[in-house]
Amino acid sequence: MGNEPQNPQAPAITSVACNHCGAPLEIQATTRFVTCTYCGAKLEVHRSGSSLYTEVLESIDQRTQQMAQDLDVIKRQNEVERLDREWMLRRDAMLTRNKDGSTSPPSALGSAVGAVIAIIVGIIWMVGASSAGAPGIFVAFGLVFVVGALIAGVGGASRAMQYQDRQRAYEQQRQQLLRADQSGQDERRPPSI
């Protein structure tokens, strides 16, 4: 009677405490997840060397969600930095170089003023050359100067408008990313009492 044969295939039973309420739980040696029969908490069973303990799955889910939110914030911050770098490269290529080597954004007003001055100079040249009885080539040079001034003025105004459009698009994208980052941070904040 006391020497009943033991079933070698029966799983080993061990005891572990519920991490939520502290109640003892009987589990099989291979059990990974268990629901506490006392408090109903869903638990994950951890084995580390000779120690055995449980962890409430909700806290694991909360940490996982927090890590996912943190990763989203990092992604958005990296996206803002990438956008800033790309804009700086584009911006540098679009800037106008001044005589002293400094740079400035292209200006439609500056292009228009420069074109008007060049056109006036070309007209003065043509009037002066024709009234002085210069050959037609000198008069034509003034006309070429006027046409060149018109083309340069229109091109400069076009570059200025293109610069402003691209800058506006960059600023809008950046604001969208910052708003998304701010709303992500607001979601992580605990509600105020």
I'd like the full set of residues that are at pLDDT below 70 and loosely packed, with under 15 Cβ neighbours inside 10 Å, limited to segment 170-188. 185, 186, 187, 188
Hits in segment 76-101 - residues which are loosely packed, with under 14 Cβ neighbours inside 10 Å, modelled with pLDDT under 90 and over 14 Å from residue 159 (Cα atoms): 77, 98, 99, 100, 101
Tally the residues that are of a type outside the set (Val, Ile, Thr) and over 26 Å from residue 109 (Cβ atoms), restricting the search to segment 135-152. 5
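The rows are residues; the columns are (1) surrounded by 12 or more Cβ atoms within 10 Å (Cβ to Cβ); (2) under 30 Å from residue 111 (Cβ atoms); (3) at pLDDT 90 or above; (4) β-branched (Val, Ile, Thr).
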| site | (1), (2), (3), (4) |
| --- | --- |
| 2 | no, no, no, no |
| 23 | yes, no, yes, no |
| 39 | yes, no, no, no |
| 43 | yes, no, no, no |
| 48 | no, no, no, no |
| 53 | yes, no, no, no |
| 58 | yes, no, no, no |
Scan segment 74-96 and give yes if some residue there is of a type outside the set (A, V, I, L, M) and at positive phi, otherwise no. no
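The values are calculated or read from the model by the stated rules, or taken from the named source; none is laboratory data. Keep in mind it's a predicted model, so treat the numbers as computed, not measured. Neighbour counts are summed over all protein chains in view; Cβ atoms, including those assigned to glycine, are modelled from backbone coordinates with ideal geometry.
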